[in-house]
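Below you'll find the structure, written out as structure tokens, and then a few comments.
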Amino acid sequence: PNNVSICEIMAFMQNTKIGKYTVWYENSEEFNELKREVWSHHAYYLEDLDEPERVVDIGAHIGLATLYFAQIYPSAKIVSYEPDPQNYEILVKNITENGLLSRVECINAAVAPKSGRIKLQAPIYPDEWRSGVGIIPKGWRSVLHTKEMEVEAVGIGEILELGADLIKMDIEGMEYEVITHGIWDRVENLIMEVHPRDGKRIGEIEKYLIDQGYKLEKRMDESKYGVGLCTIVAHKV
């Protein structure tokens, strides 16, 4: 199972229609949970956000949030970062086949405190959720069988220099370091999942963002897969 090629993955993929897009995916259980979160519960919708010019999706997985932003913000430019090569192949397929290459730039890299190469934990078995690729062995819920994988990383500073109307971040535990290594004065809105992690406190992130000029709202995840997970929504005051 460790040597499954991208071609083999593509051969087993399924697709369905969400909104106006055809979405390709691999794992039905994972896909349906993420679709419920992003498209049914509108986890990344901001009521008071006017049409943004630039949206950044950090931890894009196969592109469900990227496609959601592309549909609700039809003139926005979107940059999507995904470190896992397997997820990235499907992300690119979803963007390409829906005719979004002129608006969406896909980058096969993690976002980290600084640029370079970093080691992440990736699931070993094909039926495990690849949305759990991150720095925590066994994933943040401790249910995955993982092995180390080295990937390219882009430093958060490079992204923040360009600014954004909205950044969505779901990076499976590395948010603690990434948030506190950035100067956030050019980002108007941030929606971020915060994962439980040994030795880390959500209060550190909250204090840092308040000091950076944000007003915060905190939402607890009520799904059966999200116990202990919360989302922070930060608006520039």
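The values are calculated or read from the model by the stated rules, or taken from the named source; none is laboratory data. In this text, all values refer to a predicted model and were calculated from it rather than measured experimentally. Don't worry about glycine lacking a Cβ; one is built from the backbone with ideal geometry, like all the others, and counts go over all protein chains shown. With ligands, DNA and RNA removed, areas are computed over all heavy atoms of the protein, side chains included. Shrake-Rupley method; radii C 1.70, N 1.55, O 1.52, S 1.80 Å.
Lys93 meets each of the listed conditions (1) open to solvent by 10 Å² or more (accessible area, probe 1.4 Å); (2) modelled with pLDDT under 95 apart from (2). Suppose we filter the stretch 36-61 for residues that are closer than 10 Å to Leu166 by Cα, assigned to a loop (DSSP other than H, G, I, E, B) and among the aliphatic types (A, V, I, L, M); how many remain? Matching residues across the stretch 36-61 total 2.
In the set (1) over 23 Å from Leu162 (Cβ atoms); (2) assigned to a loop (DSSP other than H, G, I, E, B); (3) not aromatic (Phe, Trp, Tyr), the condition left unmet by Glu33 is number (2).
Here the condition is being surrounded by fewer than 21 Cβ atoms within 10 Å (Cβ to Cβ), at pLDDT below 95 and within 29 Å of Gly155 (Cα to Cα); of Ile124, Ile107, it holds for Ile124 alone. In the stretch 186-237, the residue that is modelled with the lowest pLDDT out of those that are open to solvent by 50 Å² or more (accessible area, probe 1.4 Å), among the acidic types (Asp, Glu) and farther than 18 Å from Ile58 by Cβ is Glu222. Among the residues of the stretch 102-153, those identified as among the small types (Gly, Ala, Ser), part of a strand (DSSP E or B) and farther than 18 Å from Asn27 by Cβ are Ala110, Ala112, Gly116, Ala153.
Number of residues in the stretch 141-156 that are in contact with a strand residue (DSSP E or B) (Cβ under 9 Å, 6 or more places away or on another chain), at pLDDT below 90 and open to solvent by 50 Å² or more (accessible area, probe 1.4 Å) equals 1.
When the stretch 157-185 is limited to residues that are in a loop (DSSP other than H, G, I, E, B) and either surrounded by 19 or more Cβ atoms within 10 Å (Cβ to Cβ) or without any contact (Cβ under 8 Å) to a residue 12 or more places away in the chain (or both), the one that is nearest to the chain's Cα centre (by Cα) turns out to be Asp170. Which of the residues belonging to the stretch 65-90 are outside any strand (DSSP E or B) and open to solvent by 40 Å² or more (accessible area, probe 1.4 Å)? Scanning the stretch 65-90 gives Gln71, Ile72, Pro74, Ser75, Pro85, Tyr88, Glu89. Being touching a Gly at 6+ places or on another chain (Cβ under 6 Å) and surrounded by fewer than 19 Cβ atoms within 10 Å (Cβ to Cβ) is a description that applies to Ser115. Only one of the numbered conditions (1) over 16 Å from Asp57 (Cα atoms); (2) touching a Lys or Arg at 6+ places or on another chain (Cβ under 9 Å); (3) free of Cβ contacts under 8 Å to residues at least 60 places away in the same chain is not met by Glu105, and that is (1).
Do we find a residue being open to solvent by 10 Å² or more (accessible area, probe 1.4 Å) and touching a helix residue (DSSP H, G or I) at 6+ places or on another chain (Cβ under 7 Å) anywhere in the stretch 50-61? Checked the stretch 50-61: at least one residue is open to solvent by 10 Å² or more (accessible area, probe 1.4 Å) and touching a helix residue (DSSP H, G or I) at 6+ places or on another chain (Cβ under 7 Å). Evaluate the stretch 130-137: report whether one residue or more is surrounded by fewer than 22 Cβ atoms within 10 Å (Cβ to Cβ), β-branched (Val, Ile, Thr) and touching a Phe, Trp or Tyr at 6+ places or on another chain (Cβ under 9 Å). The answer is no, given that none of the residues of the stretch 130-137 is surrounded by fewer than 22 Cβ atoms within 10 Å (Cβ to Cβ), β-branched (Val, Ile, Thr) and touching a Phe, Trp or Tyr at 6+ places or on another chain (Cβ under 9 Å).
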